[in-house]
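All remarks here apply to the structure that follows.
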Amino acid sequence: MTIKLGVLISGGGSNLQAIMDAIAGDELDASVEVVISSRPGVSGLDRADRAGIPTVAFGPDDYRDPEAVNLKIRRIFEEHRVDYVVMAGYMRMLGVEVLRAFSDRVVNLHPALLPSFPGAHGIADAYEAGVKLTGVTVHFANELYDEGPIIAQEAVPIAEGDSIADLEAKIHAVEHRLYPQTLQLIAQGRVSVGADRKVRISS
Ligand code: GRF
């Protein structure tokens with residue numbers, strides 16, 4: 001099966017790039033139908049442009065009316081007939097207008113091992129806490145921020161002497177591999193959410 005993705009970004013788009021590369025390399029049976037950014041002028045939009053993918057950019061003025069912007073986002077994804085919404089460094093709250101229309105079909109990437117270190121500063125919070133192990137989580141997003149069913153996690157050790165920049169580099173390297181791999185499990189129809197709200201991955 002090939003799944004149609006709508007990707008939400010706010011910045012550099014290195015995870016968007018990893019997804020596009022995995023598609024081009026036949027490692028991910030998907031297509032990116034549209035990229036929406038919460039900020040204009042970010043390099044993630046250039047990456048999509050170069051790949052010939054349609055883009056839409058919103059800005060701070062749009063987010064003054066969260067309901068209206070989220071309805072626009074939903075409409076764009078519906079027009080492009082996307083199967084899954086992929087959040088890749090999207091730094092705004094995704095509204096119920098989108099979450100309810102794509103129930104258990106919104107995927108988020110978090111740079112820590114949830115439920116530890118939720119929120120916008122997962123890498124820095126883990127580093128400051130002095131934990132020896134942090135990591136990356138891919139999960140379905142729902143109305144409770146960073147609390148949706150977990151699909152995949154991978155641990156990243158914090159070594160003696162690692163700077164926060166070192167840790168960021170390690171986390172991003174794992175993200176760029178784990179996110180496309182996890183989306184491929186979804187494309188293969190192997191990911192389901194049970195009545196207990198836990199994710200099962202069939203072989
Ligand atoms: C990633 O670390 C992601 O986990 C976090 O924001 C970052 C996005 O980076 N939520 P990029 O825009 O994909 O380069």
Under a Gaussian network model of the chain whose springs join Cα atoms within less than 10 Å, the largest fluctuation of Lys170, Lys132, Lys72 belongs to Lys132
Determine the principal axes of the Cα atoms in the range 1-93, then give the extent along each, sorted from largest to smallest and rounded to whole angstroms. 40, 25, 20
Protection proxy ranking of 50-63, 3-16 - average other beta-carbon atoms within 10 Å, highest first: 3-16, 50-63
Assuming 0.36 nm per residue, please report the length gained on full extension of the stretch Leu144 to Thr2 beyond their Cα-Cα distance. 48.2 nm
Aspartates and glutamates whose Cα lies under 13 Å from that of Lys72, excluding same-chain neighbours fewer than 8 positions away: Asp62, Glu97
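Would you kindly calculate the translational diffusion coefficient of the range 70-109, applying Stokes-Einstein with the Kirkwood radius from alpha carbon pairs, for 37 °C and a viscosity of 0.692 mPa s, and quote it in µm² s⁻¹ without decimals?
Values: Rh = 10.2 Å.
So the translational diffusion coefficient is about 321 µm²/s.
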Selection from Gly135, Gln188, Ala57 lying farthest towards where the dipole of the chain points positive, charges on Cβ: Gln188
For Lys132, list the lysines whose Cα falls under 16 Å from its own Cα; do not include residues on the same chain fewer than 8 positions away. Lys170
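Can you order the peptides 37-43, 137-143 by their average number of other Cβ atoms within 10 Å per residue, highest first?
Numbers: 37-43: 16.7, 137-143: 22.0.
Top to bottom by mean Cβ count within 10 Å: 137-143, 37-43.
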Burial order of peptide ranges 19-32, 98-111 (average beta-carbon count within 10 Å, highest first): 98-111, 19-32
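Let me make sure I get this right: for the chain, a, b and c are the square roots of the gyration tensor eigenvalues over alpha carbons, sorted descending. Under 1.5 in a/c it's rounded, otherwise prolate if a/b > b/c, else oblate. Which is it? Working shown, then result.
Details: a/c = 1.39, a/b = 1.26, b/c = 1.11.
Rounded shape, in that the Cα axes give a/c under 1.5.
For the chain, what does the relative contact order come out to in percent, with C-alpha contacts under 8 Å and a separation of six or more?
Details: 380 pairs, mean separation 41.9, N = 203.
The value is 21 percent.
Values in this text are rule-based calculations from the coordinates and carry no lab data. The structure displayed is predicted, hence computed values, not measured ones. All Cβ positions, glycine included, derive from the backbone under ideal geometry; neighbour counts span all protein chains shown.
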